[in-house]
1. Which pairs have Cβ atoms under 6 Å, sit 6 or more apart or on different chains, and link a residue in segment 72-85 that is open to solvent by 10 Å² or more (accessible area, probe 1.4 Å) to one that is among the hydroxyl-bearing types (Ser, Thr, Tyr)?
2. In segment 94-118, which residues are part of a helix (DSSP H, G or I) and open to solvent by 50 Å² or more (accessible area, probe 1.4 Å)?
3. Of everything in segment 241-262, what is farther than 13 Å from residue 60 by Cα and open to solvent by less than 40 Å² (accessible area, probe 1.4 Å)? Give them in sequence order.
4. If only one of 88, 126 is on the phi < 0 side of the Ramachandran plot, free of Cβ contacts under 8 Å to residues at least 24 places away in the same chain and open to solvent by 20 Å² or more (accessible area, probe 1.4 Å), which one is it?
5. Give segment 195-215 a look and list any residue that's free of Cβ contacts under 8 Å to residues at least 40 places away in the same chain and open to solvent by 30 Å² or more (accessible area, probe 1.4 Å), or say none.
6. Go through segment 3-69 and tell me which helices (runs of 4 or more DSSP H), entirely inside it, have 1 or more residues that are modelled with pLDDT under 90 and in contact with a strand residue (DSSP E or B) (Cβ under 7 Å, 6 or more places away or on another chain).
7. Which one is farthest from residue 163 (Cα to Cα) among residues in segment 236-286 that are in a helix (DSSP H, G or I) and β-branched (Val, Ile, Thr)?
8. Is it the case that residue 222 is more than 30 Å from residue 248 (Cα to Cα), of a type in the set (Phe, Trp, Tyr) and open to solvent by 60 Å² or more (accessible area, probe 1.4 Å)?
Amino acid sequence: MAISPSLPERFMAGSLGLRLASAAVGMPIIIVTILIGGPLFAALMALSLTIAIGEIAAIVKLEIPSALFLVAVAAIGAIIGVATQSDLPLLWPILAGGLGIAGVATITAVRSVALPDPAQLKLILLGGVSMLGGVAYLAIPGATFVLVRGSHQGTDWVLLAVLAIMSADAAAYAGGRLIGRHQLAPSVSPNKTIEGAVFGWLGGFGATIALDQLLNLDVEIWPLVLLALVLPIVSQLGDLAESLFKRAMDVKDSSNLIPGHGGVLDRLDSLLFGLPVVYFFLQWTT
């Protein structure tokens, strides 16, 4: 007769030690970069997004470096660079990047039509769509990181967003390990549970309220409560969105770059949905 693991054993199962060790190294770097802000913060964002678009390219088997990949990287750099200049519209680098990727994909595909293997044409078109979608998925939300950091009390708002979302993620992981019984989305991410999602929402809600008090943010209580209600839900949707992509491509992690966590894309997924919420929240309340 099999013996069910105890709660501590379930919690410690998997790669928890590696996750904690990676967090212990990475979190101080992230927090210091947020505190410094300016070009360093924008450069870290651009670097992270470049690594993430490289992970997407590897998943769809796009050759690195390739013209499609290089244009996508240029688009990411342009969008993040423009986000640091409050008087320049983001629309132009977004349009230029989209047209550049579409143009390169079209030229490459047309040149490959004469090739005997139609699978290669399919890969080129998949790569073009992936790079175009990747720039939209990564760089546009990524620009909101820089825009929030440059706003009133921007340092504190980025810290609140990042720490609240990470708290939601940690609470969801712990809740799922401790008492998770009912799968949340078995066809997308079998390890995610309804209990973990509830723990994640509670953790994100509590962290948002607590961080507001700790950072003394200039915001009314009721709008903040609304943000605290929405932010952990949206961040978990970001996690599920990336899980959908990985499931469709039949991969477990975007890469193995960060021990215990997977790839950069795996760490950004929740933030890419959460930071735009904070950005629009600030547009609404200020």
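The values are calculated or read from the model by the stated rules, or taken from the named source; none is laboratory data. Keep in mind the model is a prediction, meaning the values are calculated, not measured. Positions of Cβ are generated from backbone atoms using ideal geometry, with glycine treated the same way; all protein chains shown enter the neighbour counts. Accessible surface is based on the protein model in full, side chains and every heavy atom, while ligands, DNA and RNA are left aside. Shrake-Rupley method; radii C 1.70, N 1.55, O 1.52, S 1.80 Å.
1. 73/50
2. Within segment 94-118, 94, 95, 96, 99, 106, 107, 108, 110, 111, 118 meet the criteria.
3. 241, 242, 243, 260, 261, 262
4. Being on the phi < 0 side of the Ramachandran plot, free of Cβ contacts under 8 Å to residues at least 24 places away in the same chain and open to solvent by 20 Å² or more (accessible area, probe 1.4 Å) holds for just one of 88, 126, which is 88.
5. Within segment 195-215, 195, 198, 199, 201, 202, 205, 206, 209, 210, 213, 214 qualify.
6. Those helices (runs of 4 or more DSSP H) span 16-36.
7. Within segment 236-286, the match that is farthest from residue 163 (Cα to Cα) is 285.
8. So residue 222 passes the test.
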